[in-house]
Amino acid sequence: MTRSDFRFFHRLRVRWAEVDMQKIVFNAHYLMYFDTAVADYWRALALPYEAAMHQLQGDLYVKKATVEFHASARMDDQLDIALRCARIGTSSMQFVGAIYRGEQLLITGDLVYVFADPATQTSRPVPAALRDILTGYEAGEPVLQVRTGDWATLGDDAATLRTQVFVQEQGIPADMEWDADDRTALHAVAYNRLGMPVATGRLLQPEPGIGKVGRMAVHPVLRGAGVGSAVLQALAAAATERGDGDLVLHAQRSAEGFYRRLGFSVDGEPFDEVGIPHVTMVAPLPLVRG
């Protein structure tokens, strides 16, 4: 088994609390590493796990977990936890895992999950939609579709995400979230393969040649999974197509690093907007791939 056998990797560093006096990882922690990676695997599928399982009318339960030891991980090692969905049966699915330190294989694992009714925990067939998502991801197919359009077309889904992120999570008053620009902006919404909206943003043109991105909102569970980047790239492509030369936005300071990685730089001094620290950021078009 080699690293090239896997598409998905989760990276972690071994902490002091996970090793014994010889600074070797306790055996039981390897299952925890695999479990942590499985949670991140669902994020790679752009699936908020709880909401997705509710829509699929089931949940996943571990049936079997086995670990084979080849070498030990040590204190402060940087490990890559690899996973792939190797088989999907009628009601079960098998994940094969491996833990690497660089190119060295340390641990292999086998995890079997059963899809079941959460109320009774009795097995039921794996839904066709979930089967398609898993096999598609492992085959290299995209997990997202980004749609662009006007407020009449995408407003309901954009509003759901913006309410969740800005109003409910960040405490912005609802009457400050909605404005007349929504009616004239180009909106983008990213959908996962269950059709769930998971990220949104909008594009304005405050002056000729300048595109302004705003109202960027990503489902809380999926931040850092690439869905926000997909929305921003779609808006940047639309701005480029209409002839804009620069893209500007007001970034929350907590998201500044995200925009820097996409080619944005800070322009001016920080300021407060709706009580949250922001900074103006600008990037030339076309936008770099992030």
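The values are calculated or read from the model by the stated rules, or taken from the named source; none is laboratory data. For clarity, every value in this text was computed on a predicted model and none was experimentally measured. Quick reminder, even Gly has a Cβ in these numbers, built from the backbone with ideal geometry, and neighbours come from all protein chains shown.
Summary table below
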| item | result |
| --- | --- |
| Strands (runs of 3 or more DSSP E) lying entirely in segment 229-290 (those with 1 or more residues that are in contact with a helix residue (DSSP H, G or I) (Cβ under 7 Å, 6 or more places away or on another chain) and either without any contact (Cβ under 8 Å) to a residue 40 or more places away in the chain or of a type outside the set (Ser, Thr, Tyr) (or both)) | 246-252, 276-284 |
| Residues being touching a Phe, Trp or Tyr at 6+ places or on another chain (Cβ under 9 Å) and more than 18 Å from residue 205 (Cβ to Cβ) - total across segment 267-290 | 5 |
| Conditions (1) among the basic types (Lys, Arg); (2) surrounded by 14 or more Cβ atoms within 10 Å (Cβ to Cβ); (3) in a strand (DSSP E or B); number of the one not met by residue 64 | (2) |
| Segment 20-48, residues that are under 15 Å from residue 224 (Cβ atoms) and crowded, with 16+ Cβ neighbours inside 10 Å | 37, 40, 41, 42, 43, 44, 45, 46, 47, 48 |
| Whichever residue in segment 67-76 is touching a residue at least 40 places away in the same chain (Cβ under 8 Å) and not in a strand (DSSP E or B) and, among such residues, is surrounded by the most Cβ atoms within 10 Å (Cβ to Cβ) | 73 |
| Qualifying residue in segment 196-207 (condition: modelled with pLDDT under 95, of a type outside the set (D, E, K, R) and not in a strand (DSSP E or B)) | no |
| Matching entry among 217, 225 (being assigned to a loop (DSSP other than H, G, I, E, B), within 19 Å of residue 164 (Cα to Cα) and touching a residue at least 24 places away in the same chain (Cβ under 8 Å)) | 225 |
| Qualifying residue in segment 208-229 (condition: outside the structural domain of residue 128 (by TED's automatic domain parsing), over 25 Å from residue 283 (Cα atoms) and of a type in the set (A, V, I, L, M, F, W, C)) | yes |
| Number of the condition not met by residue 122 [criteria: (1) touching a residue at least 12 places away in the same chain (Cβ under 8 Å); (2) over 23 Å from the mean Cα position of the chain (by Cα); (3) over 28 Å from residue 220 (Cβ atoms)] | (1) |
| Which listed residue is over 25 Å from residue 220 (Cα atoms), touching a residue at least 60 places away in the same chain (Cβ under 8 Å) and under 21 Å from the mean Cα position of the chain (by Cα), from 144, 56, 47, 79 | 79 |
